[in-house]
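One structure below.
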């Protein structure tokens, strides 16, 4: 084994390691996050995790001032219909993330002027002819992704009402 | 046997070089994607659709599931004004007027980036929870058990602070380095 072949092997292994982690790293990290989230309710189903505290905290840097909804989705076969009610008088947002961790869309309470949202998430390139009445179609850049709904607890006295609105959020395959 | 060891050493060295170069390119040699404002640091790329592979990986590592800057700005403080890591062995105070945003909160996280246990669940202080002075000034105590005005518990180890600004003003979103944020003052320390 010559030193040249040995050095060549080192360079090839280094380049492959660097390139593979660079290319697949973000989707792997997102897949791990989605795997943890889907353990709550599965895929294409809405999860209603409890308010974060030190005892139940499973996701780093969760906010104890928010109630979350999480929908891990896979629209490779069928589109996803997501509905949610926006509680009045507080900050609320639905953030859409693709498998590459990109936050490709956010709808907040100021934009959801009808008091709620009804969104059809489709595979990128899919015609939107089948969009249900009153729904907005959003194309997901990747087949798999995650929707994270944040509702701010702006007053401890309103927790029950905010949670009741949160519990009405749904996501399911059509 | 000797040949196998040489190939094995090439594999190990190659893996180390690949990992090391990726760490350097992603987290060390990055363009100025973060800005500092006092003790606070924010990542301008958080929540954005990155244009290059290194930025995408950096976002996945440092700010996964963050939202775009117009929606929420996240400022992190891990050190005091002197550059020393924040520790529950010392008390601190955050003070200043409320940040220019629709809503804000400050939360402390332990070394594992999880919420810090405290008897009164004193995880955070927010626009909804703090009591401010007549002139609008806000003072937030950072103590091991969260005692003190508007107190947040810091536990018994190192910690970081995360300041969340929801729907920040346009001026703040455009120039987060110039925004008026809470100042951190170090108090007494225990041995």
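Just one residue in the set B:178, B:141, B:133 is modelled with pLDDT under 95 and more than 18 Å from residue B:34 (Cβ to Cβ); that residue is B:133.
Of the residues in region A:86-109, not one is over 27 Å from residue B:162 (Cβ atoms), within 15 Å of the chain's Cα centre (by Cα) and not in a loop (DSSP other than H, G, I, E, B). Summed over region A:26-40, residues that are under 30 Å from residue B:122 (Cβ atoms) and in contact with a strand residue (DSSP E or B) (Cβ under 6 Å, 6 or more places away or on another chain) total 2. In region A:46-56, the residue that is nearest to the other protein chains (Cβ to nearest Cβ) out of those that are surrounded by fewer than 21 Cβ atoms within 10 Å (Cβ to Cβ) and not in a strand (DSSP E or B) is A:54.
I'd like to check which strands (runs of 3 or more DSSP E) are fully inside region B:62-176 and have at least 1 residues that are farther than 24 Å from residue A:156 by Cα. Can you show your working first?
Numbers: elements: B:72-77, B:90-96, B:101-109, B:124-126, B:138-143, B:160-168.
Result: B:72-77, B:90-96, B:160-168.
For residue A:76, the test of being on the phi < 0 side of the Ramachandran plot and within 13 Å of another protein chain (Cβ to nearest Cβ) is failed. Considering A:37, A:47, which residue is within 22 Å of residue A:122 (Cα to Cα) and at pLDDT below 90? After ruling out the rest, the residue left standing is A:37. Screening region B:36-52 for residues that are surrounded by fewer than 16 Cβ atoms within 10 Å (Cβ to Cβ) and at pLDDT 70 or above and picking the one that is farthest from residue B:159 (Cα to Cα) gives B:52. A single entry from B:57, B:22, B:27 fulfils the requirement of being assigned to a helix (DSSP H, G or I), surrounded by fewer than 20 Cβ atoms within 10 Å (Cβ to Cβ) and within 13 Å of another protein chain (Cβ to nearest Cβ): B:27. Checked against (1) more than 20 Å from residue B:162 (Cβ to Cβ); (2) at the interface with another protein chain (Cβ under 8 Å from one of its Cβ atoms); (3) surrounded by fewer than 20 Cβ atoms within 10 Å (Cβ to Cβ), residue A:40 passes all but a single condition, namely (2).
Note on region B:93-128: among residues that are at the interface with another protein chain (Cβ under 7 Å from one of its Cβ atoms) and under 21 Å from residue B:170 (Cβ atoms), the one that is surrounded by the fewest Cβ atoms within 10 Å (Cβ to Cβ) is B:102.
Quick one: how many residues across region A:1-37 are touching a residue at least 12 places away in the same chain (Cβ under 8 Å) and at the interface with chain B (Cβ under 8 Å from one of its Cβ atoms)?
Residues that pass the stated criteria total 4.
The values are calculated or read from the model by the stated rules, or taken from the named source; none is laboratory data. Since the structure is predicted, the reported quantities are computational estimates derived from the model, not experimental observations. For neighbour counting, all protein chains shown are included, and Cβ atoms are generated from backbone atoms with ideal geometry for every residue, glycine included.
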